[in-house]
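In what follows, a structure is listed as structure tokens, so that the remarks can point back to it.
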């Protein structure tokens, strides 16, 4: 038996704003939205085609941003890692900063190969080494 990761839920104060940030980061689109809940993900086909696809192989999960009255107070226990695919790590960090992300200190030593960042609501994520041609080859 196998389960598939199909959605990731993120609690936030501003679902529309945070969804817009992550759409720009990941190249996703808004799939559904209300005032309190926004779903984003890759463009997808019909529900029947999506069901067939997810039963066949892992697919990129959609992200749900749900409005909650509480604000984030501590470091995330779960975070995402991003790998640039068409630029250097430094260029991707600069792009993310221009979108509203900031560098975050979670106790790194400075010797890490990744960069810890936070989205506009303070949720940590990491930018790993670049997988772009010329940056990473097998």
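Checking every residue in segment 47-58 against the condition of being in contact (Cβ under 8 Å) with a residue 12 or more places away in the chain and under 27 Å from residue 136 (Cβ atoms) gives at least one match. Take segment 1-35 and flag every residue that is within 20 Å of residue 77 (Cα to Cα) and not in a helix (DSSP H, G or I). Within segment 1-35, 5, 6, 7, 8, 9, 10, 11, 12, 13 meet the criteria. For segment 1-22, the tally of residues that are touching a residue at least 12 places away in the same chain (Cβ under 8 Å), farther than 20 Å from residue 58 by Cα and under 15 Å from the mean Cα position of the chain (by Cα) stands at 10. Scanning segment 80-98 for residues that are under 17 Å from residue 23 (Cα atoms), surrounded by 15 or more Cβ atoms within 10 Å (Cβ to Cβ) and in contact (Cβ under 8 Å) with a residue 12 or more places away in the chain yields a total of 7. Every listed requirement among (1) over 22 Å from residue 27 (Cα atoms); (2) surrounded by fewer than 13 Cβ atoms within 10 Å (Cβ to Cβ); (3) not assigned by TED's automatic domain parsing to the domain that holds residue 19 is met by residue 72 save one, (2).
The values are calculated or read from the model by the stated rules, or taken from the named source; none is laboratory data. None of these values were measured; they are calculated from a predicted model. So basically every Cβ, Gly included, is an ideal-geometry build from the backbone, and we count neighbours across all protein chains shown.
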